[in-house]
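Only one structure is covered here, and it is reproduced in the block below.
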Amino acid sequence: MYIETIPNRSSPPAVLLRKCFRENGKPKKVTLANLSELSPRIIDRMRRALKDEPDPIMDGQGMWRILEALPHGAVHAVLGTLRKIGLEKMLASQSSRQRNLVLAMIAGRILFPTSKLGTIRRWKDCTLAQELGVADAEEDELYAALDWLLQRQDAIEAKLARKHLGEGSAVLYDVSSSFDHGAHCPLAQFGHNRDGKNGLPIIVYGVLANREGCPVAVQVYAGNTADPKTVMDQVDKLRVNFGLQRVVLTADRGCITTTNIKVMREYPQVGWIGALRSEGIRKLMDQKALQLSRFDKQNLAEITSPDYPGERLMACLNPALAQRRRNQREELLVATEKELTKIAGQVDRARAAAASRQGAAAKRKRKPLTDAAIGLKVGKAANHYKVAKHFIINIHDGRFSFTRNWQSIEPEQALDGIYIIRTSETAKDWSAQEVVRGYKKLAFVERAFRCLKGVDLKVRPIWLRKADHVKAHIFLCVLAYYVEWHIQGAWKELLFADEELDQTRDTRDPVLPPEPSESVMAKKKTHTTVDGLPVQSFASLLQALGTLTRNRCVMRLKENPIEAHTRKTKASEPPAKTAEGKKGNVEEATFTVISDAPPLQERALKLLGLYPVR
């Protein structure tokens, strides 16, 4: 069978489906169907099928090609979640260039954290720039967008507070810092560098979160600002900016100080939860207010002391923490003794060599170490592991010896595993167990700092020059963590996370470390979920989603004889242009195709409520 085109003078040609065969040695034709009413494209596909040629639409062998393939799955997950949780509307109710740039920077912080210039380059390598229409953005526009974001920070934080906080809420607060590589930012000052980068100025920032760890606000300070000085700013923000009168602020022992407590007592509706420092705990033990016998049958005991009027003290003993601290102390002592023993050997060898030589010239070559030189060596070694107080050092007449200071070690050992939580809340409002659980939830804010400063969002190093740009940059990173916090909550099933921990957190022992559930142990052992999907980290799951691409394809269909006959082109008319602007007898059709999602990516998008991908 074949298709034959029969010319018909000035009328369109007839298109017939015919069969050819021989009868008595003579060829004959039989018309099986008249195909003249069919479209030229269908006729062309039938002709190719009869010739066993590849179909340009179904097979695509040389007839269509991919012009562009950009990663889309991770962009779809981040942008879709960002819009679903309402952050887009929180930034601004109406779409604008500035809002789109800020949204792109927030999403880019999660997908590929880098500098502002690097962000512009990277978002063109995926569909992020196309989705938000910012492919033509320049670096200066991003800095202008940061200024726009900073002007709206108070309004955005107020919206977040209305969504995640309420009267009587427990609020978590903690302070961290990041080093600065610039030389002009006034916020970059020398202070307590938590990153261990000695010799670099830092910038301090404090994060407020709700009791589940969802970030609500952030405030940036100069690097030489002490942690306690930031606390009252947060109280004012909760009361004035957010309009909350009754809150319970939870912060660590470095923030809730005696001075801050005296100030907060001026606001009776503002409660607090903190912890005592080690010297406070030791003083309570010396006063017999805290006795180890209280922990014979329980690991939590509520005590009182006249030194802390109007406060409740919850003393806790964690045996696992006690053992860990003992082991760590012993390792540090042994390592320090090893260095001190090496110095003692050097001192003895120097004395022996000097004593064995004769003559003034020989003595000048090898003199015994002076007490000052020995002291410099010993001081450096003893302070290397921060346990110098646990050694008794004896340096005299070029001799050196050391022993452990058990009068310093034993009192510290007695405090191993003991910590005391303090609060202004009454037993009617907060039980002792609830107070301890509430304080331990500060781990949520610490996790936020790990995400901000670690491999996820990379708030550091900071290169920005202007103080406002630094503040906006840190606020942008916190907004990115706000989106990541929601994504990780939805993806617990696919991550190395304990899905049952949230249900057991308010019922398990508040002092002992949590026991992992059987489900998470099975995930860690088999590295697969209940459904047989591979368990992922947050970064690897985003990377897997990036394999879902959005492909822009072009189909090239050659013009067939029927179209050539029906198209009456005048000699004076120029040849038709193709979709790519080239002259020729070729029609080009462009279309977009999103690659199919494998089971892992499909499940990840379904958990976010973003499947199927459109």
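The values are calculated or read from the model by the stated rules, or taken from the named source; none is laboratory data. These numbers come from a predicted model, not from an experiment. Every residue, glycine among them, receives a Cβ derived from its backbone with ideal geometry; neighbour counts consider all protein chains shown. Note: areas computed on protein heavy atoms with side chains; ligands, DNA, RNA excluded. Shrake-Rupley method; radii C 1.70, N 1.55, O 1.52, S 1.80 Å.
Worth pointing out:
- Relative packing of peptides 519-526, 172-179, 375-382 - highest average C-beta neighbours within 10 Å first: 172-179, 375-382, 519-526
- Farthest toward positive dipole pole in segment 115-228 [+1 Lys/Arg, -1 Asp/Glu at C-beta], among L165, S178, G199: L165
- Checking the cross-link pairs K116/K441; K262/K428; K523/K606; K26/K51 against a 26 Å limit on the alpha carbon distance flags K116/K441 as lying beyond it.
- Segment 195-221 and segment 110-144: distance between their alpha carbon centers, rounded to Å: 25 Å
- Once C-alpha pairs closer than 8 Å and six or more residues apart are averaged by separation and normalised to the residue number of the chain, the relative contact order reads 17 percent.
- Between R239 and K380, the contour length at 0.36 nm per residue exceeds the alpha carbon distance by 45.9 nm.
- Distance between the pseudo-spin-label points of D348 and M521 (7 Å out from Cα toward the beta carbon): 5.1 nm.
- On the basis of the beta-carbon distance and an R0 of 30 Å, E499 and T426 show a calculated FRET efficiency of 0.30.
- The phi-based Karplus calculation (6.51 cos²θ - 1.76 cosθ + 1.60; θ = phi - 60°) puts the 3J(HN,Hα) values of segment 310-316 at x, 10, 10, 10, 10, 8, 10 Hz, whole numbers, x for Gly and Pro.
- Ranked by the mean number of other Cβ atoms within 10 Å of their residues, highest first, the peptides 200-207, 496-503 come out as 200-207, 496-503.
- Förster radius 22 Å - calculated FRET efficiency between R294 and A335, Cβ distance, rounded to 0.05: 0.05
- Label-point gap, in nm, between A69 and R83 - each point 7 angstrom along Cα→Cβ: 2.6 nm
- Given R0 = 41 Å, the distance between the Cβ atoms of D147 and T590 translates into a calculated FRET efficiency of 0.60.
- Surface analysis of segment 219-259 yields an accessible area of 38 Å² per residue, using protein heavy atoms and a 1.4 Å probe.
- Split the accessible area of segment 12-147 by element, probe 1.4 Å, and carbon with sulfur accounts for 50%.
- Based on DSSP H segments of at least four residues, each scored -39500 (n - 2.57), the chain has a per-residue ellipticity at 222 nm of -12000 deg cm²/dmol.
- Rolling a 1.4 Å probe over the protein heavy atoms of segment 337-495, with every protein chain left in place, gives an accessible area that is 53 percent carbon and sulfur.
- Using 0.36 nm per residue and subtracting the Cα-Cα separation, the extra length available between L32 and Q323 on full extension is 95.5 nm.
- Among 401-412, 237-248, sorting by the average number of other beta carbon atoms lying within 10 angstrom of each residue, highest first, gives 237-248, 401-412.
- Model label zone, W463; criterion: amide N under 17 Å from point 7 Å along Cα-to-beta-carbon; scope segment 100-126: 109, 112-123
- The slack between I42 and S93, meaning 0.36 nm per residue of separation minus the straight C-alpha distance, is 13.5 nm.
- Nonlocal amide H pairs with G168, under 5 Å, H built at 1.01 Å: R246, V247
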